[in-house]
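Here is the structure we will look at.
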Amino acid sequence: MSDTEDSMDASDSHDKKNGRTSLLDSGEDFEVLDEEDIDDDPPPLEDAGGGKGKITDENKNTDPVDPEPEWLDVLGNDLLKKKVLEAGAGRDSRPQKGQNVKINLKTYLKDGTPAAEEPNISFTLGDGDVIQALDLTVQLMEMGEKALVQTDAKYAYGARGSLEPEVPPNAELSLEVELLEATDAPDLELLPPTEKITLASHKRERGNVHYQRGDYAFAVNSYSIALQITESNSKVDISPEEENELMDVKVKCLNNMAASQLKLDHYDAALKSCVSALAHQPDNIKALFRMGKVLALQGEYTEAIQTLRKALKLEPSNKVLFDLFTFIFGKNSF
């Protein structure tokens with residue numbers, strides 16, 4: 001039942017809801033299964049207009065001086081600001097959401113301490129592949145532009161910080177960004193199966209990062225994107241082995257999506273994800289476990305018991321499965 005590729009943090013506990021306690025509200029979901037395992041678009045951007053400001057030089061004998069670049073308050077809350085250091089190729093060269101972009105990035109702490117220097121970073125704009133500060137500000141950059149971005153921890157690495165790059169909790173950051181290129185995303189129907197598997201796995205892994213950080217809505221978004229990739233039609237030949245590998249990625253995404261939806265108390269959506277996973281792999285322990293848990297949370301104790309009994313038949317030595325089954329069975333006996 002171990003799945004090291006599907007590693008997700010087990011430390012977050014589910015908040016107690018309406019007086020329910022014990023196993024149903026525990027964070028043991030991932031420990032039990034040994035899971036080494038947004039729906040919404042980003043906030044609307046304020047477009048600040050492009051180019052440098054004009055200088056009125058009343059004294060014709062005085063050499064013109066470039067103005068100090070102005071900060072753009074991207075979201076209007078003073079928590080994410082962008083300043084042009086070197087102008088780019090014009091507003092028409094700005095990348096569009098959904099394109100693949102490449103940037104050079106230098107990350108500094110608020111006091112100027114370097115945290116990371118990463119050349120040639122590639123990501124899909126708007127997919128949540130990078131921190132929000134980059135997803136939001138690169139959309140406002142022109143090709144070839146160099147910009148300085150100042151961001152609150154809310155749009156960077158949050159209350160948990162990061163190990164790579166090494167960023168402490170609740171850290172404000174300065175980012176030096178250079179936009180190198182933007183290209184249209186590949187046609188999924190023409191993508192070779194191995195590349196499709198790799199791309200879907202990458203999006204799933206990004207969802208795991210969001211999950212570990214407690215950003216469950218962003219995790220759902222990443223898993224949804226990965227699912228779209230696995231479910232896309234293909235106009236190229238695919239072997240049975242590749243089909244199975246793609247299906248395995250799909251089921252992992254559905255399982256992880258159900259886990260995130262449970263954290264968000266989106267029980268109907270979580271149940272739907274479990275049902276979809278079990279439609280492809282009826283004996284998937286993780287899907288059975290989560291389905292039993294969500295049914296119990298919905299008060300469907302009889303169905304929950306039946307689901308967990310099936311899981312226990314497949315893995316009778318699993319203590320937490322047994323404990324959850326016993327808890328629900330005892331609750332239903334009154």
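Listed here are the residues, each with its yes/no results for (1) crowded, with 19+ Cβ neighbours inside 10 Å; (2) of a type in the set (S, T, N, Q).
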site	(1), (2)
Leu180	no, no
Thr183	no, yes
Glu195	no, no
Arg204	yes, no
Arg213	no, no
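Output yes when any residue across region 155-175 is crowded, with 21+ Cβ neighbours inside 10 Å, touching a Phe, Trp or Tyr at 6+ places or on another chain (Cβ under 6 Å), over 30 Å from Ala87 (Cβ atoms) and of a type in the set (A, V, I, L, M, F, W, C), and no when none is. So far as region 155-175 goes, no, none of its residues is crowded, with 21+ Cβ neighbours inside 10 Å, touching a Phe, Trp or Tyr at 6+ places or on another chain (Cβ under 6 Å), over 30 Å from Ala87 (Cβ atoms) and of a type in the set (A, V, I, L, M, F, W, C). Screening Leu190 with (1) buried (at least 18 other Cβ atoms within 10 Å of the Cβ); (2) of a type in the set (A, V, I, L, M, F, W, C); (3) more than 14 Å from the chain's Cα centre (by Cα) gives one miss only, at (1). Of all the listed residues (Glu176, Glu205), the sole one being within 25 Å of Pro95 (Cα to Cα) and either part of a helix (DSSP H, G or I) or modelled with pLDDT under 95 (or both) is Glu205.
The values are calculated or read from the model by the stated rules, or taken from the named source; none is laboratory data. Quick caveat, the model's predicted, so the values are computed rather than measured. Cβ atoms come from the backbone with ideal geometry, glycine included; neighbour counts cover every protein chain shown.
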